[in-house]
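Here it is: the structure, laid out below.
The values are calculated or read from the model by the stated rules, or taken from the named source; none is laboratory data. As the structure is a prediction and not an experimental result, all values here were calculated from the model. Here the Cβ positions follow ideal geometry from the backbone for every residue, glycine too, while neighbour counts run over all protein chains shown. For accessibility, only protein heavy atoms count, side chains too; no ligands or nucleic acids. Shrake-Rupley method; radii C 1.70, N 1.55, O 1.52, S 1.80 Å.
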Amino acid sequence: MTFGEQPAYLRVAGDLRKKIVDGSLPPHTRLPSQARIREEYGVSDTVALEARKVLMAEGLVEGRSGSGTYVRERPVPRRVARSGYRPAAGATPFRQEQADASVRGTWESSSEQAEAGAVLAERLAIQLGDRVMRTKYLYREAGEPMMLSTSWEPLAVTGRTPVMLPEEGPLGGMGVVERMRAIDVIVDNVTEEVGARPGLAEELHVLGGVPGHVVIVVQRTYYASGRPVETADVVIPADRYRVAYHLPVK
């Protein structure tokens, strides 16, 4: 096989990827061995190894101890619907993050006070070292981990109020908009920036991914009269979910 300007390992990976996608190498099929790849494509052991590493990093194949490398089952992506803040009563944290009313889910959370680092201070328009309430969430759909979120709220806004702890008190678990309204802070805008990156080891461990899997990261911030009152990083496995936005036309 003749290779062009593209590095040989990428060309080999590309051809194997095509076979996986078109079904020539179906799920649970053993990937050709390093020696077989070397012979079939006329490349070195190094190139064959790097091509296999590419497919593994893309989440298309997985190694099985003492057995070899196999094509992974490719899940059909499901939708995570987002539509900005929902001012209606009863907007739970799950509904805040997954705005599709037909989807049912649960969440686990834990909160603790922390000091704002430089990046967080900029996002919340507060001073370096200011106290914030940090809340970590794990969301599940039908029992399966589907999404992680870490949110931060300035204690200058919520401290010593009934909503200081997002998941406790009379409005615990009711979502940012309704909780803020209870202390006369009216959320009137929300921004979301969407990006992607390789998942961190601890994220993939919880979400059920493998090293190299890509995650979608939604960086969300709620504002009240131009002041940030909550910001969060929402982490979603990119191989299992697609983010769909529903934006009303005014």
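To the nearest 10 degrees, how steep is helix 45-57 against the longest Cα principal axis of the chain, on a 0 to 90 scale?
30
With +1 assigned to the C-beta of every Lys and Arg and -1 to the C-beta of every Asp and Glu, and no other charges, what is the dipole magnitude of region 69-189 about the Cα centre in debye, to the nearest 20?
Dipole size: approximately 400 debye.
In the chain, what percent of the accessible surface is made up of carbon and sulfur (1.4 Å probe, ligands and nucleic acids excluded)? Working shown, then result.
Numbers: 6900 of 13110 Å².
The nonpolar share, carbon plus sulfur, comes to 53 percent.
Might you report the magnitude of the Cβ-based charge dipole of the chain about its Cα centre, with Lys and Arg at +1 and Asp and Glu at -1, to the nearest 20 debye?
620
Moving on to the next point. Report, by chain and number, residues whose modeled amide H sits under 5 Å from the one on Tyr241, excluding near sequence neighbours (fewer than 5 apart, same chain).
Arg78
Need one number: nm distance between label points at Glu39 and Leu200, each 7 Å from Cα along Cα→Cβ, rounded to one decimal.
In this crude label model, Glu39 to Leu200 measures out at 4.6 nm.
Would you tally the net charge around His213, using a Cβ to Cβ cut-off of less than 11 Å, leaving His213 out, and scoring K and R as +1, D and E as -1?
That sum, taken over residues with Cβ under 11 Å, equals -1.
Something else about it: Using the heavy atoms of the protein chains alone and a 1.4 angstrom probe, what is the accessible area of the chain per residue in square angstrom?
52
What are the ³J(HN,Hα) couplings of region 171-178, residue after residue, when phi is run through the Karplus curve with 6.51, -1.76, 1.60 and θ = phi - 60°? Round to Hz, x for glycine and proline.
10, x, x, 9, x, 5, 4, 5
Report the local net charge at Tyr241: Lys and Arg +1, Asp and Glu -1, summed over other residues whose C-beta lies under 10 Å from its C-beta.
It works out to a net charge of +2.
Please report the base-10 log of the normalised intensity I(q)/I(0) for the chain, using a Debye sum with one equal scatterer per alpha carbon and no solvent, at each q in 0.12, 0.13, 0.15 (1/Å).
-0.77, -0.85, -1.00
For Lys18 and Leu128 in one chain, what is 0.36 nm times their gap in residues minus the Cα-Cα distance, to one decimal in nm?
Contour length minus Cα-Cα distance gives 34.7 nm.
Working out 0.36 nm times the residue gap between Ala244 and Ala81, then minus their Cα-Cα distance, what length gain in nm do you get to one decimal? Don't jump to the answer; show the numbers that get you there.
Details: separation 163, 0.36 × 163 = 58.68 nm, distance 0.48 nm.
Between Ala244 and Ala81, full extension yields 58.2 nm more.
Separate question: Could you give P(r) for region 160-231, binned at 5 Å from zero, as whole percent values over all Cα-Cα pairs?
3, 15, 18, 15, 13, 14, 13, 7, 2
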